[in-house]
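Structure first, then comments.
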Amino acid sequence: MSYDAREIANFYLDHADSRGMQMTIMSLLKVIYFAHGWHLARYGKPLVKNRFEAWQHGPVVRAVYESFKEVGKSPIRERATRFDPLTATHSAVNYEFTPEEGSFLREIFDAYGHLHAFRLSDLTHEPGSPWDHLWNETSGLTHPGMRISDESIRNHFMRRHHLQAEH
């Protein structure tokens, strides 16, 4: 099953709070991207149903960005919301993951959540990464918002997995 990226965002924000950590919008977006990539590589199916877009500082899920853009570079204190047209109100996006999914998400957080946002951004900008292919290798025809395919993300993380396994 794939999830709204705002569900995963709220899980990570709650998890960070439980550890006394803070996340910025850039670090949150990148950790969600890494969770999605490793989920594609490990399980062959997407974790996030939203599309990732190539923006200047790396892959972005627009719905998550829109939820927190007012925060700027400050730590996120609120939770992602969604608009309910029936009640004309915004409410927090709730999440419910299986124990296995929760374990997977915490594993990714443990691997990436402690890294500075700029380090996470650098990791998404590696030569040959899906972001790099779109942003730097399209003969100057790039524009913000270009969609990064799940296939290219999966292939990239599969290559990373094989490289890690060799060492």
Under 25 °C and 0.890 mPa s, how fast does the stretch 56-119 diffuse according to Stokes-Einstein, given a Kirkwood radius computed over C-alpha pairs? Answer in µm²/s, whole number. 171 µm²/s
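Please give the contour-minus-distance gain from LYS69 to ASP110: 0.36 nm per residue of separation, less the Cα-Cα distance, rounded to one decimal in nm. Intermediate values should be presented prior to the final figure.
Values: separation 41, 0.36 × 41 = 14.76 nm, distance 2.48 nm.
Additional length available on full extension: 12.3 nm.
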What number do you get for the stretch 27-95 when its Cα radius of gyration is normalised by 2.2 N^0.38 Å, N = residues? 1.24
Would you calculate a helix-derived [θ] at 222 nm for the chain, using -39,500 (n - 2.57) for each DSSP H run of n ≥ 4 and dividing by the full residue count, to the nearest 500? -16000 deg cm²/dmol
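Rounded to the nearest 0.05, what FRET efficiency do SER2 and PHE118 have when you use their Cβ-Cβ distance and R0 = 45 Å? Before the final figure, lay out the partial values.
On the way: r = 28 Å, r/R0 = 0.63.
Given R0 = 45 Å and the Cβ-Cβ separation, E is 0.95.
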Which three lengths, in whole Å and largest first, does the chain cover when its Cα atoms are put on their principal axes? 46, 37, 29
Ranked from fewest to most other Cβ atoms within 10 Å of their own Cβ, ILE153, ILE76 fall in the order ILE76, ILE153
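Each value in this text was obtained by applying a stated rule to the coordinates, not by laboratory testing. Small disclaimer: the values here were computed from a predicted structure and weren't measured. Every residue, glycine among them, receives a Cβ derived from its backbone with ideal geometry; neighbour counts consider all protein chains shown.
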